[in-house]
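Reviewing the structure listed below.
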Amino acid sequence: MHKPFFFRLLFLFFTIVATAQAPKKPAASEIYHDLQKLNFVGSVLFIAAHPDDENTRLISYLVNDVHANTAYLSVTRGDGGQNLIGPELRELLGVIRTQELVAARKTDGGQQFFTRANDFGYSKNPDETFEFWTKDDVLSDVVMTIRKFKPDIIVNRFDHRSPGSTHGHHTASAMLSVEAFDMVDNASKFPKSAKKFGVWKPQRLFFNTSWWFYGSQEKFEKADKSKLVSVETGNYFSDLGLSNGEIASLSRSMHKSQGFGSTGSRGTETEYLELLKGSKPSENNLFEGINTNWSRLEGGNDIGAILNPLEENFNFKNPSKMLPQLLKAYPLVSSLKDTHWRKIKLEQLNQLILDCGGIFIEVASEANSINPNENFKVNIEAINRGESDVVLQSVKNSEGKVLWNTSAILPFNDKKNIEITVDAGNSNPPYSSPYWLNEKGTVGMYAAPEELIGLPETPPLEQLIFELRFGNTIIPFTKTIVYKFNDPVKGEVYRPLEVLPEVTASIPEKVLIFASEEAEIVSVIVRAGKDSISGNVSLQHPDGWKVEPAQQAFQLERNGETKTFSFTVTPPKGQSEGYLKTIVSADGKIFNKELVTIDYEHIPYQSVLLPSEAKVAKIDIQKKGQNIGYINGAGDAIPESLKQIGYSVSTIDPATISEENLQNFDAIVVGIRAYNTVSELAFTQPILNKYIENGGTMIVQYNTNRGLITENLAPYNLKLSRDRVTDEFSEVKILSPENPLLNTPNKITQKDFEGWVQERGLYFPDEWAKEFTPILGMHDKGEAPTKGSLLVAKYGKGYYIYTGLSFFRELPAGVPGAYRLFANMLSIGK
């Protein structure tokens with residue numbers, strides 16, 4: 001392959017997601033690759049628990065080497081993890097990781113599915129997992145996905161026989177898969193999906209094992225491999241200019257919120273699969289004994305007779321030469337009795353017809369968002385860059401209404417532009433927001449409309465159907481309407497066309513902590529979703545709280561315009577918690593949503609509609625000290641939370657740390673995973689130790705025990721472990737009742753550990769010097785007590801505190817006891 005072409009393809013893989021809404025413009029080699037996939041009639045479903053659990057090397061191999069119809073079913077959306085690229089956590093992190101998985105599949109060529117299970121955080125065993133997940137509902141989703149996708153082969157990433165040895169979600173995903181494998185062909189099990197998609201019987205179930213599951217490479221080499229099948233996944237694809245390992249690494253690198261950038265690998269690589277159910281195939285042929293040719297389908301022999309020779313004699317210089325044969329196959333594929341494969345193959349064939357014909361169609365809206373049932377203008381660009389005669393017959397909306405029917409020939413390389421008004425119809429479409437967030441779910445489960453369960457994202461709400469005539473053959477092509485604009489730096493930028501409310505409102509501070517009975521000003525931002533809108537905004541509040549004024553009028557002239565309104569909020573005398581909720585009345589409707597946008601270059605622009613609310617908490621809290629220095633780690637909202645209770649917080653640049661610029665701080669707090677991510681801390685620890693020695697207080701939050709940039713993260717010996725307590729309701733024992741951390745200036749009691757969210761803490765130390773005092777004991781059910789969640793040591797005139805408690809979750813969630821304990825930590829020695 002010529003070097004310029006190789007780099008052009010490599011660039012395509014890097015940019016395919018950044019232009020996720022852009023029309024496809026494949027090279028000849030990609031068209032050949034797509035033709036190979038068209039001629040393979042077989043499917044594989046890979047199943048695991050989270051975004052990043054999938055084996056991108058195996059998925060890419062199945063897609064690009066075997067050419068199988070391949071999908072990844074991630075049981076969760078990864079909502080419970082941390083975010084290395086921004087402040088988003090929980091639901092918003094789930095949106096990011098969902099799109100990262102979609103981006104990964106666009107890169108390696110697979111498809112993506114999910115269940116309704118919510119990643120509620122780390123779980124030590126499947127029993128605990130199923131206390132939060134509604135097992136029957138998740139199992140129903142797995143069964144439905146198998147019946148819908150109809151895989152010949154299912155591959156589990158994890159071992160269903162090893163509860164307690166890895167994340168409980170991991171084992172649970174494999175257990176669900178094994179259970180589903182045995183019931184998908186039984187119509188009495190989950191009859192709704194059986195009726196909708198029919199029953200199905202996969203031929204084989206594998207566990208994608210590796211040396212990691214055996215404990216070491218040495219143990220794996222000695223293990224009995226009689227039940228294992230190996231496949232070579234290190235092949236080089238000359239038509240793509242990339243090895244399978246290089247494609248897999250590009251796919252893996254889409255998990256940017258988890259810091260999983262991956263270097264491409266070249267050369268031989270072997271994947272091992274343990275057969276769990278079904279007949280064992282020979283090496284390097286997972287589909288042995290399964291018919292994957294067109295002859296598998298009734299009427300498929302005639303199709304294969306047309307399409308197989310095109311692959312064998314592919315014209316790389318001029319793929320358009322095979323367009324007549326593709327058009328000849330079209331009515332035969334359209335007539336397949338197997339509705340499942342008919343849909344898949346028709347979609348693949350239609351795309352090949354466009355690509356081989358050199359036909360480019362784009363439909364772009366003049367606005368980036370519309371309101372429900374709003375008519376809007378779009379610009380259509382259609383061009384025929386191939387050799388065949390093509391006629392654009394009509395354009396219809398998704399309901400079939402004709403919007404344009406001036407039949408027009410598309411001459412060679414002569415661009416045709418059409419401006420039309422799209423009649424949105426009366427379908428009353430939902431908003432362009434992640435469908436699983438539209439209704440409130442539970443800690444372990446999302447709510448979702450039945451027809452959308454399993455889909456990776458909300459389907460495009462606005463599409464047009466273009467009817468093209470090739471000779472006597474008329475073929476409909478569906479195109480999603482996009483919004484695009486020219487950026488001075490990036491050039492042509494594509495975004496989804498979104499359906500959004502006429503007005504939204506937000507309270508910028510999501511948690512409002514009242515440390516006294518004094519009233520505070522709360523801001524509400526009202527945003528127009530259309531031109532010229534007016535109405536009233538008010539704040540719904542908990543009993544005992546007072547808000548003034550009762551409501552305020554607003555008038556906004558332009559779409560996107562915002563105005564900020566101030567309300568005076570007075571807390572009750574005693575401790576109290578609740579929510580402030582915005583209520584906007586306009587155009588005869590009530591609006592109560594906040595618009596949150598997510599904009600990262602590696603995933604499409606996202607608009608998320610969430611309940612417009614903020615937690616308010618009146619807390620009995622005292623504090624000492626005022627000026628706090630904060631060293632950012634992997635990203636958290638602790639600084640904002642500390643400001644809520646009256647602290648002055650300044651960010652410290654690790655590269656500029658010196659004794660002089662630390663001396664004015666009453667305490668220094670180090671953000672989560674800083675000793676995993678901030679390389680400068682390997683060299684500045686002696687300076688930080690000197691700060692403590694001179695009378696300062698330093699608080700270090702959790703780090704993982706792997707990937708530390710230095711082992712010396714404290715003035716005394718301190719060793720981190722993987723100890724964690726995942727049950728946020730677990731009993732907390734006071735180990736050092738007289739210690740200042742539990743007494744000054746706030747008296748900490750058992751009540752302060754009520755209402756915690758997701759977990760107690762993680763990566764507790766399990767070894768420490770005698771100078772440290774353990775403050776709290778806790779453990780999960782059936783496990784030995786841990787004592788390393790909160791450690792304090794006197795060093796010189798000051799104090800060093802290490803804590804694995806999940807303050808990064810508790811403070812943003814407005815947990816009163818967590819604030820009181822953190823205030824004590826900041827106040828020690830004052």
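The values are calculated or read from the model by the stated rules, or taken from the named source; none is laboratory data. The structure displayed is predicted, hence computed values, not measured ones. Quick reminder, even Gly has a Cβ in these numbers, built from the backbone with ideal geometry, and neighbours come from all protein chains shown.
Just checking, does the range 755-765 include any residue being touching a residue at least 60 places away in the same chain (Cβ under 8 Å), among the β-branched types (Val, Ile, Thr) and either outside the structural domain of residue 689 (by TED's automatic domain parsing) or on the phi < 0 side of the Ramachandran plot (or both)? For the range 755-765, residues touching a residue at least 60 places away in the same chain (Cβ under 8 Å), among the β-branched types (Val, Ile, Thr) and either outside the structural domain of residue 689 (by TED's automatic domain parsing) or on the phi < 0 side of the Ramachandran plot (or both): absent.
Candidates in the range 607-623 are the residues that are surrounded by fewer than 17 Cβ atoms within 10 Å (Cβ to Cβ) and modelled with pLDDT under 95; of these, the one that is nearest to residue 459 (Cα to Cα) is 620. In the range 579-592, is there at least one residue being in contact with an Asp or Glu (Cβ under 9 Å, 6 or more places away or on another chain), under 18 Å from residue 611 (Cα atoms), surrounded by fewer than 17 Cβ atoms within 10 Å (Cβ to Cβ) and of a type in the set (Gly, Ala, Ser)? No, the range 579-592 contains no residue that is in contact with an Asp or Glu (Cβ under 9 Å, 6 or more places away or on another chain), under 18 Å from residue 611 (Cα atoms), surrounded by fewer than 17 Cβ atoms within 10 Å (Cβ to Cβ) and of a type in the set (Gly, Ala, Ser). I need the full set of residues from the range 625-639 which are free of Cβ contacts under 8 Å to residues at least 60 places away in the same chain and not in a loop (DSSP other than H, G, I, E, B), in order please. Answer for the range 625-639, where residues must be free of Cβ contacts under 8 Å to residues at least 60 places away in the same chain and not in a loop (DSSP other than H, G, I, E, B): 627, 629, 630, 631, 639.
Evaluate the following for residue 297: is it surrounded by 15 or more Cβ atoms within 10 Å (Cβ to Cβ), over 26 Å from residue 153 (Cβ atoms) and assigned by TED's automatic domain parsing to the domain that holds residue 31? The answer is no for residue 297. Annotation note: Cβ proximity below 7 Å between a residue of the range 322-333 that is over 19 Å from residue 387 (Cα atoms) and assigned by TED's automatic domain parsing to the domain that holds residue 303 and a residue that is of a type in the set (D, E, K, R) and assigned to a helix (DSSP H, G or I) (sequence gap 6+ or interchain) occurs for 332/302; 333/342; 333/345.
In the range 626-641, is there at least one residue being surrounded by 19 or more Cβ atoms within 10 Å (Cβ to Cβ) and closer than 28 Å to residue 543 by Cβ? There is at least one residue in the range 626-641 that is surrounded by 19 or more Cβ atoms within 10 Å (Cβ to Cβ) and closer than 28 Å to residue 543 by Cβ. In the condition set (1) surrounded by 18 or more Cβ atoms within 10 Å (Cβ to Cβ); (2) touching a residue at least 60 places away in the same chain (Cβ under 8 Å), residue 235 is compliant with all but (1).
For the range 176-190, the count of residues that are closer than 30 Å to residue 32 by Cβ, among the basic types (Lys, Arg) and either free of Cβ contacts under 8 Å to residues at least 24 places away in the same chain or surrounded by 15 or more Cβ atoms within 10 Å (Cβ to Cβ) (or both) is zero.
Being buried (at least 21 other Cβ atoms within 10 Å of the Cβ) and not basic (Lys, Arg) holds for only one residue in 710, 697, and it is 697. Of all residue pairs spaced 6 or more apart or on separate chains, those with beta-carbon atoms under 6 Å, a first member in the range 594-612 that is in contact (Cβ under 8 Å) with a residue 60 or more places away in the chain and assigned to a strand (DSSP E or B) and a second member that is crowded, with 20+ Cβ neighbours inside 10 Å and polar (S, T, N, Q) are 594/504; 594/506; 594/612; 595/504; 598/606; 607/432; 608/433; 609/433. Annotation: of all residues in the range 50-73 being polar (S, T, N, Q) and surrounded by 24 or more Cβ atoms within 10 Å (Cβ to Cβ), the one that is nearest to residue 170 (Cα to Cα) is 56. Checked against the criterion of being touching a residue at least 60 places away in the same chain (Cβ under 8 Å), within 21 Å of residue 438 (Cβ to Cβ), part of a strand (DSSP E or B) and among the acidic types (Asp, Glu), the range 577-586 has no qualifying residue. Residues of the range 559-576 that are within 33 Å of the chain's Cα centre (by Cα) and either of a type in the set (Val, Ile, Thr) or not in a loop (DSSP other than H, G, I, E, B) (or both): 562, 563, 564. Suppose the filter is at pLDDT 95 or above and either outside any strand (DSSP E or B) or under 26 Å from residue 811 (Cα atoms) (or both); does residue 525 pass it? Against the criterion (at pLDDT 95 or above and either outside any strand (DSSP E or B) or under 26 Å from residue 811 (Cα atoms) (or both)), residue 525 qualifies.
The set of residues in the range 713-760 that are β-branched (Val, Ile, Thr) and within 23 Å of residue 89 (Cα to Cα) comprises 725, 726, 757.
Can you find a residue in the range 68-75 that is within 26 Å of residue 813 (Cα to Cα) and in contact (Cβ under 8 Å) with a residue 12 or more places away in the chain? Among the residues of the range 68-75, at least one is within 26 Å of residue 813 (Cα to Cα) and in contact (Cβ under 8 Å) with a residue 12 or more places away in the chain, which makes the answer yes. Given the criteria closer than 27 Å to residue 81 by Cβ and assigned to a helix (DSSP H, G or I), does residue 262 qualify? Considered against the rule, which asks whether it is closer than 27 Å to residue 81 by Cβ and assigned to a helix (DSSP H, G or I), residue 262 comes out as no. Tell me, which strands (runs of 3 or more DSSP E) lie completely within the range 652-748 with 1 or more residues that are within 21 Å of residue 821 (Cβ to Cβ) and touching an Asp or Glu at 6+ places or on another chain (Cβ under 6 Å)? Qualifying strands (runs of 3 or more DSSP E): 718-725. Only a single criterion out of (1) in contact (Cβ under 8 Å) with a residue 40 or more places away in the chain; (2) in contact with a Lys or Arg (Cβ under 9 Å, 6 or more places away or on another chain) is not satisfied by residue 477, namely (2). The residues on offer are 444, 454, and the sole one that is modelled with pLDDT of 90 or more, touching a Ser or Thr at 6+ places or on another chain (Cβ under 6 Å) and crowded, with 16+ Cβ neighbours inside 10 Å is 454.
Those helices (runs of 4 or more DSSP H) of the range 25-134 in which 3 or more residues are more than 18 Å from the chain's Cα centre (by Cα) occupy 28-38, 56-64, 126-132.
Of everything in the range 343-353 that is within 21 Å of residue 415 (Cα to Cα) and buried (at least 20 other Cβ atoms within 10 Å of the Cβ), the residue that is nearest to the chain's Cα centre (by Cα) is 352. Whenever a residue of the range 806-818 is of a type in the set (D, E, K, R), its partners that are in a helix (DSSP H, G or I), lying with C-beta atoms within less than 6 angstrom and at least six residues away or across chains, give the pairs 810/818. Residues of the range 691-716 that are within 18 Å of residue 680 (Cα to Cα) and acidic (Asp, Glu): 711 alone.
Screening the candidates 221, 274, 246, 283 for the property of being over 31 Å from the mean Cα position of the chain (by Cα) and either surrounded by 14 or more Cβ atoms within 10 Å (Cβ to Cβ) or not in a loop (DSSP other than H, G, I, E, B) (or both) yields one hit, 221.
With respect to being closer than 16 Å to residue 74 by Cα and not in a helix (DSSP H, G or I), residue 199 falls outside the description. Among the residues of the range 710-721, is any at pLDDT below 95 and among the acidic types (Asp, Glu)? Checked the range 710-721: at least one residue is at pLDDT below 95 and among the acidic types (Asp, Glu).
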